[in-house]
Ligand code: ATR
């Protein structure tokens, strides 16, 4: 694609950003659809966050993505938040709307789209155990709760954090908070187990968030980790005959929803998946 005086811009801000797969996915998607936009990653020093956000507004960026460590702090420099960003308390996508910066969070819906695309399940029948109560759990928990799952049990090492998230999500569904070490009984009664912690992520691939003996074949086991593609938790679940789902699809779908918010066109999901797979192999 030729870059001309008419080419528009989107970006990613974070610290660091060098590992990000988003520029490759977004630029390939724009090229594929013939859309005159480029997407670049910017490593922003902490004291320059406000300047960076204002600079992109002055330069009439169509919008930008936000990654670690700025997903919460960036809210200070935005004009409005959509419901997902308000309830999750974090922003991963910002859209310029008539000169206003509007914050969204596409992580939760991205997760949900990926899950239902890969695993045929009725959300209203799901009894969910979610391991972890951090930022990723807030996004996934909000999406599941507002999509009408039957129950969400939140199991976390720090029980107070599980408690806070369970209280927040109880506006939409039945919830309970547990210590991670006491999640066995709830897992036996669950239909969907989701790991939102980083336990099992590269390079600590031999670790698992719960003992193997707690898994059973009637579970769908979902892990937000995508490196490795199959964590120790997913390997064990698969051996037991459980259905498994990894974090790759969430990464693609959260990006696809951002793309759609900026450009008003359906994202080429399959192409974005291929770009991501190729970058990880
Ligand atoms: P993210 O945005 O990826 O969710 P986070 O907000 O830092 O990151 O949350 C990390 C989650 O993983 C938390 O639930 C954390 O548990 P605590 O709240 O007790 O800290 C969980 N986690 C990370 N490492 C863990 C470990 N070694 N054992 C148990 N839980 C762990």
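Remarks
- If you go through the stretch 230-264 and keep only what is part of a loop (DSSP other than H, G, I, E, B) and touching a helix residue (DSSP H, G or I) at 6+ places or on another chain (Cβ under 8 Å), you end up with 230, 246.
- Number of the exception - residue 19 against (1) over 21 Å from residue 103 (Cβ atoms); (2) in contact (Cβ under 8 Å) with a residue 60 or more places away in the chain: (2)
- Any hit, the stretch 232-240, residues being closer than 25 Å to residue 253 by Cα, within 16 Å of the ligand (Cβ to nearest atom) and in the same structural domain as residue 112 (by TED's automatic domain parsing): yes
- Candidates 63, 99, filtered to the one that is away from the ligand (no atom under 15 Å from the Cβ), over 30 Å from residue 185 (Cα atoms) and under 21 Å from the mean Cα position of the chain (by Cα): 63
- Matching residues in the stretch 265-281 - criterion: being without any contact (Cβ under 8 Å) to a residue 24 or more places away in the chain, under 13 Å from residue 26 (Cα atoms) and either part of a helix (DSSP H, G or I) or outside the structural domain of residue 30 (by TED's automatic domain parsing) (or both): 269, 270, 274
- Of all residues in the stretch 126-141, those satisfying the criterion of being away from the ligand (no atom under 11 Å from the Cβ) and crowded, with 24+ Cβ neighbours inside 10 Å are 128, 129.
- Which listed residue is buried (at least 18 other Cβ atoms within 10 Å of the Cβ), in the same structural domain as residue 242 (by TED's automatic domain parsing) and either touching a helix residue (DSSP H, G or I) at 6+ places or on another chain (Cβ under 8 Å) or modelled with pLDDT of 95 or more (or both), from 179, 166: 166
- Contacts under 8 angstrom Cβ, first residue in the stretch 56-68 being not assigned by TED's automatic domain parsing to the domain that holds residue 14, partner at pLDDT below 95 and part of a helix (DSSP H, G or I), 6 or more apart: none
- Of the criteria (1) assigned to a loop (DSSP other than H, G, I, E, B); (2) closer than 19 Å to residue 192 by Cβ; (3) within 16 Å of the ligand (Cβ to nearest atom), which one residue 227 fails: (2)
- Restricting the stretch 153-163 to residues that are farther than 20 Å from residue 214 by Cα and surrounded by 15 or more Cβ atoms within 10 Å (Cβ to Cβ) leaves a set whose member that is nearest to the chain's Cα centre (by Cα) is 161.
- Residue in the stretch 17-27 that is under 28 Å from residue 227 (Cβ atoms) and at pLDDT below 95 present: yes
- Strands (runs of 3 or more DSSP E) (entirely within the stretch 3-119) containing at least 3 residues that are within 22 Å of residue 266 (Cβ to Cβ): 8-14, 37-43, 63-66, 93-97
- Qualifying position, being buried (at least 23 other Cβ atoms within 10 Å of the Cβ), within 12 Å of the ligand (Cβ to nearest atom) and under 24 Å from residue 176 (Cβ atoms), among 210, 194: 194
The values are calculated or read from the model by the stated rules, or taken from the named source; none is laboratory data. A quick note: this is a predicted structure, and the numbers were derived from the prediction, not measured. Ideal geometry is used to build each Cβ from the backbone, glycine not excepted, and the neighbour counts take in all protein chains shown.
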